[in-house]
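Below: one structure, written as structure tokens.
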Amino acid sequence: MADVTIDWDRCIHSGMCTTIAGNVFGMGPDARLVVLHHTVTGADLDSVHDAAACCPVDAIGVAAEG
Amino acid sequence: MGTRRVVVAGGGLAAVRVTEFLRRRGFDGSVVVLGDEPHLPYDRPPLSKEVLTGKVGPQNVTFKDELAFAELDVELRTGCAVLGLDPGRGVVETAAGPVPYDDLVVCTGARPRPVPWNAPPEGVFVLRTVDDAAAIRAELERCPTVVVAGAGFVGAEVASSARALGLDVTVVEVQPTPLVRAVGPQVAAAFVSMHRDNGTDLRCGVGIAEILGRGRVEAVRLTDGSVRPCDLLVAGLGVVPNVEWLAGSGLRVDDGLVCDGQLCAGPSNVHAAGDVARWTDPRTGRSARGQQWMVAVEQARHVANRLTGGAPGPFTSGRYFWTHQYGHHFQFAGDACAPDVRVLCGALEAGEFVVGYGDGRRLVGVLAKNRSAAFVRAKTAMDRGVAWDEVDGAVLG
């Protein structure tokens, strides 16, 4: 289980996170990226780690809980 | 601890990401990275932007420190250029001796195309490495007049950075417009006006005939006969893949290491990722090298999946790239070699726009300037396979 955060000052909205981890990252009503689930586990956590590695500006934070 | 050994030839982005994805997927064998530079692996995109403008020091672009590589249980050998490959024996040759492998990932990248003119020993640079960036940064602090050869991404970003420092900048581009292959001729005109609006003297349709100056560059003579004085020349003329070390290996080399759809380079235990890898993109049917940050990462992920028992389909890439020029943020995804081009919102001559590229049936490419949210919406529509005649509704909502 881990907490997911986005550094909005870094984020350039590449959209890679929504492509790779669509269960966790999505688009809000204004088409801005949003974190749909801030706490993730299992396969979603694996996807978030991949999304973080694919983020061109290192804007995705993944911190293990506890 | 497993006994299998993965050797990664090269020490750039693709190499680092391969090691990270491997460990994330539970690979418990040994991992060895052979990087030819003396530095820790580092990220290249900041070099032409934040490093040149002095916002970020060249020492601050590394992916991770030595401790982090140790925690990842990755043996990083810097200053260790690969010299040859014997796939039959499963050995990479280096100056420090042979390095045996069970699986090899070739990530040796590319290097700048050298300047084709006789150049004096000082004042002429290419930009690829962190050492290049540090040297150019030092020159920018004392050279008020800069000529950039080539208006591709590197050239345009160097020009942008030099203008941000208040320098006199001329860009020389042999094509009639910049970035015509990357964004298509219709949209490339927008980049012409952007350069000129920001005070860069952009000269298209001419090349550099010769560099003038003995000990140091003093001017360039262009192919139209004009002479442009300069204290510094930075050439961004494209790159060539680092494949010479593969001579005699039996692997197929043709402007890159030729791979199949799974990024396998012939022997089943040799794969490639990053700028060196040439593969046929199933979406376009074209053979190409990626040459973009995101393609390198996607390829590293694909190869790590293969090496850890994943059975992914053929490698495909979203072909995403981004660039910052003169304070503007551009993002592209997909394919610009498409017959239909339409401005979906904004205007090409304005400060922001989204352009769609269509193949007659579907939206196949998206370019945005300063419209990040609309870009994501258009890219999502493209990934969903939205029909070309439904693009406006899908993107504009």
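For segment A:1-57, how many residues are assigned to a loop (DSSP other than H, G, I, E, B), within 14 Å of chain B (Cβ to nearest Cβ) and either open to solvent by less than 70 Å² (accessible area, probe 1.4 Å) or under 19 Å from B:Ala304 (Cβ atoms) (or both)?
The number of residues fulfilling the criteria is 12.
Among the candidates B:Gln331, B:Gln299, B:Gln292, which residue alone is out of contact with any helix residue (DSSP H, G or I) (no Cβ under 8 Å at 6 or more places or on another chain) and within 14 Å of chain A (Cβ to nearest Cβ)?
Answer to the selection: B:Gln292.
Yes or no, residue by residue, for (1) touching a Cys at 6+ places or on another chain (Cβ under 9 Å); (2) of a type in the set (D, E, K, R); (3) open to solvent by 20 Å² or more (accessible area, probe 1.4 Å); (4) on the phi > 0 side of the Ramachandran plot:
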site	(1), (2), (3), (4)
B:Glu244	no, yes, yes, no
B:Val253	no, no, yes, no
B:Asp260	no, yes, yes, no
B:Asn269	no, no, yes, no
B:Asp275	yes, yes, yes, no
B:Arg278	yes, yes, yes, no
B:Thr284	yes, no, yes, no
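Can you confirm whether segment B:306-327 contains a residue that is away from every other protein chain (no Cβ under 14 Å), open to solvent by 30 Å² or more (accessible area, probe 1.4 Å) and of a type in the set (D, E, K, R)?
yes
Which one of the conditions (1) in contact with a helix residue (DSSP H, G or I) (Cβ under 7 Å, 6 or more places away or on another chain); (2) open to solvent by 40 Å² or more (accessible area, probe 1.4 Å) does B:Pro339 fail to meet, given that it meets all the rest?
Of the numbered conditions (1) in contact with a helix residue (DSSP H, G or I) (Cβ under 7 Å, 6 or more places away or on another chain); (2) open to solvent by 40 Å² or more (accessible area, probe 1.4 Å), the odd one out for B:Pro339 is (1).
Which one of B:Arg163, B:Arg203 is open to solvent by 20 Å² or more (accessible area, probe 1.4 Å), under 21 Å from B:Trp322 (Cβ atoms) and either modelled with pLDDT of 95 or more or assigned to a strand (DSSP E or B) (or both)?
B:Arg163
What tally of residues in segment B:1-14 results from selecting those that are part of a strand (DSSP E or B) and either open to solvent by 30 Å² or more (accessible area, probe 1.4 Å) or touching a His at 6+ places or on another chain (Cβ under 6 Å) (or both)?
Summing the residues that are part of a strand (DSSP E or B) and either open to solvent by 30 Å² or more (accessible area, probe 1.4 Å) or touching a His at 6+ places or on another chain (Cβ under 6 Å) (or both) in segment B:1-14 gives 1.
Any idea which of B:Ile211, B:Ile136 is of a type in the set (Val, Ile, Thr), assigned to a helix (DSSP H, G or I) and more than 30 Å from B:Val355 (Cβ to Cβ)?
B:Ile136
Only residues that are more than 28 Å from B:Leu52 (Cα to Cα) and in a loop (DSSP other than H, G, I, E, B): list them for segment B:272-300, please.
B:Asp281, B:Pro282, B:Arg283, B:Thr284, B:Gly285, B:Arg286 - these are the residues of segment B:272-300 that are more than 28 Å from B:Leu52 (Cα to Cα) and in a loop (DSSP other than H, G, I, E, B).
Among the residues of segment B:60-74, count how many are open to solvent by 20 Å² or more (accessible area, probe 1.4 Å) and in contact (Cβ under 8 Å) with a residue 24 or more places away in the chain.
Within segment B:60-74, residues that are open to solvent by 20 Å² or more (accessible area, probe 1.4 Å) and in contact (Cβ under 8 Å) with a residue 24 or more places away in the chain number 6.
Is segment B:28-42 home to any residue that is open to solvent by 10 Å² or more (accessible area, probe 1.4 Å), under 24 Å from B:Gln291 (Cβ atoms) and among the aliphatic types (A, V, I, L, M)?
Within segment B:28-42, one or more residues are open to solvent by 10 Å² or more (accessible area, probe 1.4 Å), under 24 Å from B:Gln291 (Cβ atoms) and among the aliphatic types (A, V, I, L, M).
Looking at A:Thr19, A:Thr41, can you tell me which residue is within 16 Å of B:Arg25 (Cα to Cα) and among the polar types (S, T, N, Q)?
Matching residue, one of A:Thr19, A:Thr41: A:Thr41.
Could you identify the single residue in B:Glu218, B:Glu173 that is within 21 Å of B:Phe330 (Cα to Cα), modelled with pLDDT of 95 or more and in contact with a strand residue (DSSP E or B) (Cβ under 6 Å, 6 or more places away or on another chain)?
Of B:Glu218, B:Glu173, the one residue that is within 21 Å of B:Phe330 (Cα to Cα), modelled with pLDDT of 95 or more and in contact with a strand residue (DSSP E or B) (Cβ under 6 Å, 6 or more places away or on another chain) is B:Glu173.
Among the candidates B:Val366, B:Val386, B:Val354, which residue alone is away from chain A (no Cβ under 14 Å) and at pLDDT 90 or above?
On inspection, the qualifying residue turns out to be B:Val386.
Could you check, for segment B:293-303, whether at least one of its residues is of a type in the set (Phe, Trp, Tyr) and surrounded by fewer than 24 Cβ atoms within 10 Å (Cβ to Cβ)?
Yes, there is a match, as at least one residue in segment B:293-303 is of a type in the set (Phe, Trp, Tyr) and surrounded by fewer than 24 Cβ atoms within 10 Å (Cβ to Cβ).
Tell me, please, whether a residue that is small (Gly, Ala, Ser) and at pLDDT below 95 can be found in segment B:31-51.
No, segment B:31-51 has no match at all.
When you scan segment B:369-379, how many residues do you find that are open to solvent by 20 Å² or more (accessible area, probe 1.4 Å) and more than 7 Å from chain A (Cβ to nearest Cβ)?
Residues that pass the stated criteria total 2.
The values are calculated or read from the model by the stated rules, or taken from the named source; none is laboratory data. Since this is a predicted model, take the numbers as computed values, not measurements. Heads up, the Cβs are rebuilt from the backbone with ideal geometry, glycines too, and the neighbour counts pull from every protein chain shown. Keep in mind that these areas ignore ligands, DNA and RNA; they rest on the heavy atoms of the full protein, side chains included. Shrake-Rupley method; radii C 1.70, N 1.55, O 1.52, S 1.80 Å.
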